[in-house]
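Have a look at the structure below before the remarks.
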Amino acid sequence: MQSPKFPVTDDHIHIDPVNGRGLEAAKDFFRAGGTHILLVSKPSWSLSVHPSCGADYVAVFDETLRVAEMIEETGVVVFPVLGVHPAEISRLSERMPLTDAIDVMKAGIDCAAAYVVEGKAVALKSGRPHYEVSPEVWNASNEILEHALCCAAECECALQIHAESGPCTDVAGMARMAGFPVERVVKHYGSPDTPLHPSLIAKHEAIPQLIRERRAFTMESDFMDENSRPGAVIGPKSVPRYTNQLLRDNLITLEDCFRIHAETIEKVYGVIITL
């Protein structure tokens with residue numbers, strides 16, 4: 001296989017060798033021209049982990065790092081992103097008081113932050129439910145998100161957030177209160193109208209316009225790698241395929257490719273992208 005001429009980074013992807021295609025999905029990404037991924041930890045329940053304290057998330061994070069090592073053998077460079085999925089609050093509060101669920105999720109984020117401090121992960125993950133919840137759960141989720149922002153500020157790392165559709169404008173204010181750079185809050189499955197850093201699903205209709213405007217954004221597949229949901233959200237080949245399609249259609253230049261897939265990733269995550 002020829003060496004790639006430019007980097008292609010998937011800003012949010014899951015690879016799961018137990019419940020999904022695993023390394024075959026990573027190989028598909030690589031063969032399509034992908035070079036780097038932000039490997040995001042899966043929700044605890046998808047790995048049959050049911051936390052009752054923060055330390056229980058160690059099993060989730062260690063599995064993510066194990067998979068990262070496996071993927072790197074395929075030639076893909078992996079940057080792990082660890083944290084607590086915001087939907088966990090719904091599951092936890094079914095079996096414990098909401099206040100305890102808050103404590104467990106905050107402790108899980110603290111646990112993830114320790115991995116960042118040790119250099120085992122490059123960013124944290126948090127957010128709030130993307131579905132309708134009670135005001136009490138919504139307020140609790142914002143409290144957890146505020147904690148995650150403070151942890152990211154202390155660790156000086158990026159924070160990916162999984163949240164409701166739309167700009168999430170209030171999160172920018174929360175970041176400023178935490179003393180955290182808004183441009184390092186990554187809105188996973190984002191939209192161009194967010195004041196946060198938008199990570200856009202590859203094939204998002206706004207991408208060509210953002211390229212012309214030289215706006216800072218990144219691309220993701222949000223590939224879930226679950227056999228029960230094949231191809232969700234889009235497949236592992238999507239980011240490299242779409243980038244190459246933009247090149248063929250003269251909607252993007254090599255300079256643009258390096259800016260999106262290397263320079264912007266480096267600024268947001270504090271990593272180095274090399275071929």
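The values are calculated or read from the model by the stated rules, or taken from the named source; none is laboratory data. Remember, it's a predicted structure, so these values are computed and weren't measured experimentally. Neighbour counts are summed over all protein chains in view; Cβ atoms, including those assigned to glycine, are modelled from backbone coordinates with ideal geometry.
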Does the stretch 130-145 include one or more residues that are at pLDDT 95 or above, at positive phi and either among the acidic types (Asp, Glu) or not in a helix (DSSP H, G or I) (or both)?
-> no
Selection status of THR64, of a type outside the set (Gly, Ala, Ser), touching a Pro at 6+ places or on another chain (Cβ under 6 Å), within 22 Å of ILE265 (Cβ to Cβ) and not in a strand (DSSP E or B) | yes
Give me the pairs, please: first residue somewhere in the stretch 4-33 and more than 26 Å from LYS187 (Cα to Cα), second residue anywhere and assigned to a loop (DSSP other than H, G, I, E, B) and of a type in the set (Ser, Thr, Tyr), beta-carbon distance under 6 Å, and either six or more positions apart or on two chains.
-> PRO4/THR35; LYS27/THR74
What's the number of the condition ARG241 fails, among (1) in a loop (DSSP other than H, G, I, E, B); (2) of a type in the set (D, E, K, R); (3) surrounded by 14 or more Cβ atoms within 10 Å (Cβ to Cβ); (4) modelled with pLDDT of 95 or more?
-> (1)
Specify the residue that is surrounded by the most Cβ atoms within 10 Å (Cβ to Cβ); the eligible residues are those in the stretch 41-61 that are outside any helix (DSSP H, G or I) and in contact with a Leu (Cβ under 8 Å, 6 or more places away or on another chain).
-> SER41
PRO198 touching a Phe, Trp or Tyr at 6+ places or on another chain (Cβ under 6 Å), surrounded by 15 or more Cβ atoms within 10 Å (Cβ to Cβ) and either charged (D, E, K, R) or part of a loop (DSSP other than H, G, I, E, B) (or both) | no
